[in-house]
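Here's the structure we're looking at; comments come further down.
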Amino acid sequence: MNLNLTHKKLVDIVSGNAEMLPEQKIDIIYYDSRLINTSRNGVFFALNGRRNGHDFLQKAYDKGIRSFVVSQQVDLPNDAIIIAVDDTLRALQAVARNHRNHFSYPVLAITGSLGKTTIKEWLYFLLADEFNIIRSPKSFNSQIGVAISLLQMTDEHNFAIIEADISHPDEMEFIEDMVSPTLGIYTGVGHFYADNFESQKVHAAEHLKLFKHANITFALSEHKNELRKSKINADIVDFDSWKNVDFSQLSYSNNRVIALHVAEFLGIEKESLIKKASQLPVLSNRMEVFEGQDDNLIINDSYNIDVDALEQALSYQFSSDERKDKIVVLDLSFVEENRKQVILDVVNSYKPTQLFILENNKVPQELLDVKNSSILFKGSYRSRLKETVQLFKNRKHETWVEFDLKSVEHNISVFQNKLPEGTKTLVMVKASSYGTGDVNIPHFLQQLGIDYLGVAYTDEGTTLRENGITLPILIMNTEINAFDDIIRFRLEPSIFSIPQLEAFCNRLRQDNITDFPIHITVETGMNRLGFYPEDITELIEKLNSHNEIKVKTIYSHLADADNPDPAYSFQQIEKFKMMKSQFENELNDSSVLFHILNSEGTSKFGKIAAFDMVRLGIGVFGYTSTAEEDELLPSIKWKTTISQIKTIEAGETVGYSRTFKAEKSMQIATLRIGYADGFRRGLSNGVGAVFINGTSCPVVGNVCMDMTMVDVSNANCEPGDEVEIIGENITIKTFSNRLNTIPYEVMTSINKRVSRIYLK
Ligand SMILES: *Cc1c(COP(=O)(O)O)cnc(C)c1O
């Protein structure tokens, strides 16, 4: 966000009341105190959403915010600037409208009950080569979400796609006033009209108010009359002109055709659109996808059951051709009567092979007998469907790690909020992204729009390229015998010695390659890899005389960033600055970027030493020494299950070498995890413990290769129950302390045979 507002202007825009306004500019608006970054001049809007923003004013103040827009009496220290308004939401919308009106490029708005996010993302995919697009994040389509989306518009964009939705009559006027769309897409309300509207007609007419002043609105022909009645200029989507595209294997062809039609209208060549039609990305919601028992593919989306999320889950299930039979399982408890039919209509419109509606948590035998199908489970958060899903888990791999990608996304934004605008982000995905798996995290990072990836060795980079990663990839530890792969896969090597530079340039010359991207590592105090300050003069001479290469970035690495005493880090940063100025003065290329900070460094010195880019690693997963202060979210859970429970009597021993001897009768559970999984033998005999149904259960005896015994005398449990190795009760920090190591080692030591589940 770059608002460039004065306080006075802000007060004018929101028709607020305030005393003594400072000169200082405002460049960002916050409405969530968790995301505040004080290196920027921000104002906090106390919105009354699900939570009352006025309850978080002190927290925002403590984080350094001094300007507040409020609608209640507030009690803040004297240096707070209070701007009082009648309605903070309307005030935010007024700022959004004002901001939007600075830009003259097209603003395309999408509304209707279904398919908005899908169409938005698909259009983005189709238009991204031709336009620099700002689009609503995720499904930010509410009164607040639309305002926040508009505030992201900048001069650098040349096209905006904004999603909007309403849940009550008389809301659309406000949105229309804010967005002033030049173009529109209407997806219809069908019979999915919301309860707060009198009828389908009324609901449709409300939606269409968004396009009152739009030049043209796109819609399917079935909506022609609604548009005509609302006096809206319509461009009706023509299916016939896409009849040579084979949509038969694909779901949601209506949405596809709308996106293609609009992209063609905007000047994208038909031929390239036809090619892209089958590659439109599959969009998913918060879902868990895994191989289940009996060759079933399980899609677990028992998080919420609103119609949009349901539609996305179905679209995901029906567009993947992994299994031919598509089974849908619904739990409709906690769904209001009048919404049940709507949900059933949506599901039936996909024509599932079989539909099960569960009642009172009873699972019909017929469902348990399903084989070789994809099964979508959908229920509200409150339903107990999650437990049912457990029955379908593959019993062969009962030790697994879960990665929460939402937390990863959150953590990255926490770091980015600490950095000056424009700072690039590289994420280190070495060692299979810190043990999280070869490609899922890199793909997710690519979707998030991260600028760069980094790996330790060339092989890791080739794996990424072979799996469709197109982001630039920095190789830290460049091996001479990997030059061929580096060139073939367009990986970007780090150079840390003159002989290495010469060897690489020789290799490039053989193929007449020029301007090949490289990075330079400089030594500031880690004493691992890199050029020393005294080598820089010679290095620069060589770099200036070799046109085979082009230096993209120059970097160093902090050795002591997690030390509460920053002295050594400051010393390294100063050294780096000196080298940087030498490069800037003597190198014949001024486009080079500089970087030195890792996750810890970014937390602590992001404001003063980010230079042009930061390199995040462990922090992305939520584990740094200041994780709590920074409000990073842990992203990893490691689980196993109980295979058997035994009662042993006083005097009996447990496990190899009989290191544990019972003093009284006790209950022992055998778990499906051992040192071969990464549950190290050092955790034997009470050093380690696990959590079962809310009770801590210490390890008894020695940890075996594939199994571990724990004391469950105090736990209420049975075979098959889930066991927490790392999670809410046992943090990764606790776990690594028990082993005298650090989270990095724990993460990268979870064996490959442990299955990985990614939660989106
Ligand atoms: C691993 C690594 C990082 C990331 O470090 P974290 O402490 O995990 O944030 C950054 N830079 C280099 C050179 C690295 O090797």
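For His7, His519, what ranking results if the residue with the fewest other Cβ atoms within 10 Å of its Cβ goes first?
Numbers: His7 21, His519 24.
Arranged by neighbour count, lowest to highest, His7, His519 become His7, His519.
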Could you calculate the FRET efficiency of Asn215 with Met526 from 1/(1 + (r/R0)^6), where r is the beta carbon distance between them and R0 is 60 Å, rounded to 0.05? 0.55
For region 76-83, just list the computed ³J(HN,Hα) in residue order, Karplus coefficients 6.51, -1.76 and 1.60, θ = phi - 60°, integers in Hz, with x standing in for Gly and Pro. 10, x, 4, 7, 7, 9, 9, 10
Can you list residues from other chains, or at least 5 along the same chain, whose modelled amide H is less than 5 Å from the amide H of Ile495? His519, Ile520, Thr521
Name the long-range amide H neighbours of Thr399: under 5 Å, sequence gap of 5 or more, or other chain; modelled H, no Pro or chain starts. Ser755
Spread of Cα-to-Cα distances over 10 Å intervals beginning at zero, given as percent, for region 1-56: 21, 49, 29, 0
Inverting the mean 1/r over all pairs of different Cα atoms, compute the Kirkwood radius of region 288-395 and quote it in Å. 13.7 Å
How many nm is it between the label spots at Ile645 and Asp170, if each spot is 7 Å from the Cα in line with the beta carbon? 5.9 nm
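Roughly how compact is region 1-153, stated as its Cα Rg over 2.2 N^0.38 Å to two decimals?
Numbers: Rg = 16.5 Å, N = 153, 2.2 N^0.38 = 14.9 Å.
My calculation over the Cα atoms of region 1-153 gives 1.11.
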Just to be sure I understand the model, the point goes 7 Å from the Cα along the line to the Cβ. What's the resulting Arg51 to Lys752 distance in nm? 4.3 nm
Check Leu558: other-chain or 5+ apart residues with amide H under 5 Å from its amide H, H built from backbone geometry? Asn598
Taking the C-alpha atoms of region 75-170, how large are the radius of gyration and the largest Cα-Cα span, Dmax, in Å? 15.7, 52
Please arrange Cys704, Cys697 by counting, for each residue, the other beta carbons lying within 10 Å of its beta carbon, fewest first. Cys704, Cys697
Apply the Karplus curve 6.51 cos²θ - 1.76 cosθ + 1.60, θ = phi - 60°, to the phi angles in region 227-240 and return the couplings in whole Hz, x for Gly and Pro. 5, 4, 4, 8, 6, 10, 5, 10, 10, 8, 6, 9, 5, 4
List the chymotrypsin sites (Phe, Trp or Tyr not before Pro) within region 393-494 that fall in a DSSP loop (any state other than H, G, I, E or B) and whose Cβ has at most 10 other Cβ atoms within 10 Å. none
Rounding to the nearest 20 debye, state how big the charge dipole of the chain is about its Cα centre with +1 on each Lys and Arg Cβ and -1 on each Asp and Glu Cβ. 740 debye
Mean separation of Cα contacts under 8 Å (6+ apart) over length of the chain, as relative contact order %: 8 percent
In whole angstrom, and with the biggest value first, how far do the Cα coordinates of region 7-90 range along each principal axis? 29, 29, 22
Solution diffusion estimate, µm²/s, Stokes-Einstein, region 405-630, Kirkwood Rh from C-alpha pairs, 10 °C, viscosity 1.306 mPa s: 89 µm²/s
In the calculated pair distance distribution of region 103-276, what percentage of Cα-Cα distances lie above 25 Å? 28 percent
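Let me make sure I get this right: for region 460-580, a, b and c are the square roots of the gyration tensor eigenvalues over alpha carbons, sorted descending. Under 1.5 in a/c it's rounded, otherwise prolate if a/b > b/c, else oblate. Which is it?
Numbers: a/c = 2.58, a/b = 1.45, b/c = 1.77.
Oblate, since a/c reaches 1.5 and b/c is not below a/b.
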Given the rule -39500 (n - 2.57) for each run of at least 4 DSSP H residues, summed and divided by the residues of the chain, what is its mean residue ellipticity at 222 nm, to the nearest 500 deg cm²/dmol? -9000 deg cm²/dmol
Taking neighbour counts of Cβ atoms within 10 Å as a proxy for exposure, in what order, fewest first, do Asp630, Asp484 appear? Asp484, Asp630
With helices defined as uninterrupted DSSP H runs, which ones in the chain have an alpha carbon span along their own long axis of at least 15 Å and mean Kyte-Doolittle hydropathy of at least -1.0? 88-100, 116-127, 253-265, 307-319, 337-349, 405-416, 498-510
Taking region 131-213 as the region of interest, what is the percent of Cα-Cα pairs per 10 angstrom bin, listed from the shortest bin to the one with the maximum distance? 18, 49, 26, 6, 0
Kindly write out, for region 422-435 in residue order, the coupling ³J(HN,Hα) from the Karplus curve 6.51 cos²θ - 1.76 cosθ + 1.60 (θ = phi - 60°), rounded to whole Hz, with x marking Gly and Pro. x, 5, 7, 10, 10, 10, 7, 10, 5, 6, 6, 6, 6, x
Can you bin every Cα-Cα distance in region 519-615 into 5 Å intervals starting at zero and give me the percent of pairs per bin, rounded to whole numbers? 2, 14, 25, 25, 17, 10, 5, 2, 0
Quick one: what do you get for the chain if you divide its Cα Rg by 2.2 N^0.38 Å? 1.05
Using the Kirkwood formula over every pair of different C-alpha atoms, what hydrodynamic radius in Å results for region 636-759? 14.5 Å
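Rule-based calculations on the coordinates, nothing more; no lab input. In this text, all values refer to a predicted model and were calculated from it rather than measured experimentally. Note that each Cβ is placed from the backbone with ideal geometry, even for glycine, and that neighbours are counted across all protein chains shown.
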